[in-house]
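**Q** Would you mind keeping the following structure in view while I ask a few things?
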Amino acid sequence: MKLSPLQQARYQYSPKLPGMLANGISEISVKEGQETQSVADQGKIAELFPNTYGKKEITFEKGQNTSTSQKQVVGVILSGGQAPGGHNVICGLYDALKQTNKENVLYGFKNGPIGLIEDDLLEFDDAYINEYRNTGGFDIIGSGRTKLETNEQFAIAVDVCKKHGINAIVIIGGDDSNTNAAVLAEYFAAHNTGIQVIGCPKTIDGDLKNEDIECSFGFDTACKTYSELIGNIERDANSAKKYWHFIKVMGRSASHVALECALETQPNICLISEEVAEKAMSLSTIANYIADSVEARGNKGMNFGVAVIPEGVVEFVPEFKALIAEINELLAGEKADAFNALSTWTEKYAFIEQGLTKESMGVFAILPQGIQQQLFLERDPHGNVQVSLIESEKLFSAMVAENLKARKANGTYNGKFNALHHFFGYEGRCAFPSNFDSDYCYSLGFNAFMLIQYGYTGYLSKVSNLSKPAIEWVAGGMPITKMMNIERRHGEDKPVIRKALVELDGNPFKYFAAHREDWAVNTCYIYPGAIQYYGPAEVCDITTRTLALESEK
Ligand code: FBP
């Protein structure tokens, strides 16, 4: 295989470890802290997790390693969407495991959690691992979105682990995957299997975080990649001075990515879904808000701009949510066949008009025709509209164009409006991990093995104090049950890790809110440039603005 010069160079990079893990395996000792409680619904969570609830928080420190010496056979799984640094979690895990005992074995289950159920795995060795050090992607073993959640699956998992002598599983995933890791740990403990489960916090969306987990891995690199691209577009816009760019960025449920990119690049507009929900903003209100910026800039001769839009925003618009629910109902079961049998859009439109309430029809009617049709084309396996596929960047630019026509007609706006559209998502998920993500991920994996070695189960690998240099990071573990509460999912009460949305009273949003009026009217762009891997630490090792602002509290 031909390698790029950067890939070759990255093979040589030695990820930094927290001070307490960096002195060699024999000098890692464990300190147990307080017993823990779940963030809410303590009674119910304790009842559901009788064997793993309430365990103590763990911190590692420099000292004599007192863990019992036994051969460890570990299986690792990558779960869900790719996030830069996943390979380094596995490399850190492998290195700690082999440094502890050359006889220890690390297996990788292929293509996500399904690999455990289908007994599809490979054994890692030095040569294999070395090809993936400090690289992006999840192709080391592949990933997948199968959920491990039923007792039947857990029973199969026990058999597979027994067959290979596996005594611990590491699940690298987001909130759902780590919720399932906790349930699996409880099942293994309840059935006295002796198999441990440790989770690692992954997702570019940044919505797996809480008072213990400062950020999920991959967020840093993905945001820097999108910010580089947004900065380049800003500079292009400021050079040509003739386009408004509408840029959608990934982040299905939360707007952390959009917010971080806005903090890094200072675009004219950035929507925050959580604020849209809080203020119950309508589509027209949002379009009007963007049009205000276009008008103010256009009237000063600046017929260009940049608007950043979080992927999930339309689901946070109350009237749009209601519309989607009605469309799902309208096409449920056999009604879909009747709709699909209609040959022209005019006939279909009449069918829709009859089926929707007046309110939802009002919302539907103002959508551009392309988006209207999209709502009836893209369906998931249950027949529901796939909201994440809606091209909201096009939706808002079309609505802004309409809004500006009225402003032109009444003489308040005298500019020009030409829009271009972008969606940045997959571009950032497999980038070469930044130094921060390389170090953080390697530390998470290394630390996950130390939790196994010390006999813990149902824990999330935790590395904190992340806004400081790596030597000051603090390594340890937190019982996953501490992060759980009960939520209603698909009509049932379920124990889940609480998803972290953007906090409107948090420092990152407050900083953004304090500056956005200026950014909307003036040209305040920042051009972050490409991620730097070699050079001064203040250029190469800094992490996100979000983390820096959050650590100020
Ligand atoms: P995870 O939550 O699994 O980390 O994935 C996040 C994400 O990258 C979202 O930002 C995006 O909406 C989604 O994955 C896309 O999923 P897919 O890879 O299945 O198209």
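The values are calculated or read from the model by the stated rules, or taken from the named source; none is laboratory data. Everything numeric in this text was worked out from a predicted model, so none of it was measured. Neighbour counts run over all protein chains shown; Cβ positions are idealised from the backbone, glycine included. Side chains are part of the model used for accessible areas, which takes the heavy atoms of the whole protein and leaves out ligands, DNA and RNA. Shrake-Rupley method; radii C 1.70, N 1.55, O 1.52, S 1.80 Å.
**Q** Please enumerate the residues belonging to the range 380-397 that are modelled with pLDDT of 95 or more and either in contact with a Ser or Thr (Cβ under 8 Å, 6 or more places away or on another chain) or among the small types (Gly, Ala, Ser) (or both).
**A** The one that is modelled with pLDDT of 95 or more and either in contact with a Ser or Thr (Cβ under 8 Å, 6 or more places away or on another chain) or among the small types (Gly, Ala, Ser) (or both): Ser397.
**Q** Okay, next question. Hey, which of the helices (runs of 4 or more DSSP H) in the range 366-438, taking only ones fully inside, have at least 3 residues that are within 16 Å of the ligand (Cβ to nearest atom), open to solvent by 20 Å² or more (accessible area, probe 1.4 Å) and farther than 18 Å from Glu326 by Cα?
**A** Where helices (runs of 4 or more DSSP H) fall fully within the range 366-438 and carry at least 3 residues being within 16 Å of the ligand (Cβ to nearest atom), open to solvent by 20 Å² or more (accessible area, probe 1.4 Å) and farther than 18 Å from Glu326 by Cα, they are 426-429.
**Q** Quick test for you: out of Lys300, Lys279, Lys321, pick the one residue that is more than 16 Å from the ligand (Cβ to nearest atom), among the basic types (Lys, Arg) and within 20 Å of Ala500 (Cα to Cα).
**A** Just one listed residue meets the conditions, Lys279.
**Q** Moving on to the next point. Quick check, is Gln72 in contact (Cβ under 8 Å) with a residue 60 or more places away in the chain and surrounded by fewer than 16 Cβ atoms within 10 Å (Cβ to Cβ)?
**A** no
**Q** Mind listing whichever residues of the range 214-261 are open to solvent by less than 10 Å² (accessible area, probe 1.4 Å), within 15 Å of the ligand (Cβ to nearest atom), farther than 25 Å from Lys462 by Cβ and part of a helix (DSSP H, G or I)?
**A** Tyr226, Ala258, Cys261
**Q** Being of a type outside the set (A, V, I, L, M), crowded, with 24+ Cβ neighbours inside 10 Å and more than 16 Å from the ligand (Cβ to nearest atom) is the requirement here; does Thr285 meet it?
**A** no
**Q** For residues in the range 146-190 being part of a loop (DSSP other than H, G, I, E, B) and either under 24 Å from Gln72 (Cα atoms) or out of contact with any helix residue (DSSP H, G or I) (no Cβ under 9 Å at 6 or more places or on another chain) (or both), which is farthest from the ligand (Cβ to nearest atom)?
**A** Gly165
**Q** In the set Ser467, Ser461, which member is open to solvent by 30 Å² or more (accessible area, probe 1.4 Å), of a type in the set (S, T, N, Q) and in contact with a helix residue (DSSP H, G or I) (Cβ under 7 Å, 6 or more places away or on another chain)?
**A** Answer to the selection: Ser467.
**Q** When you scan the range 479-502, how many residues do you find that are surrounded by 24 or more Cβ atoms within 10 Å (Cβ to Cβ) and either assigned to a strand (DSSP E or B) or modelled with pLDDT under 95 (or both)?
**A** 3
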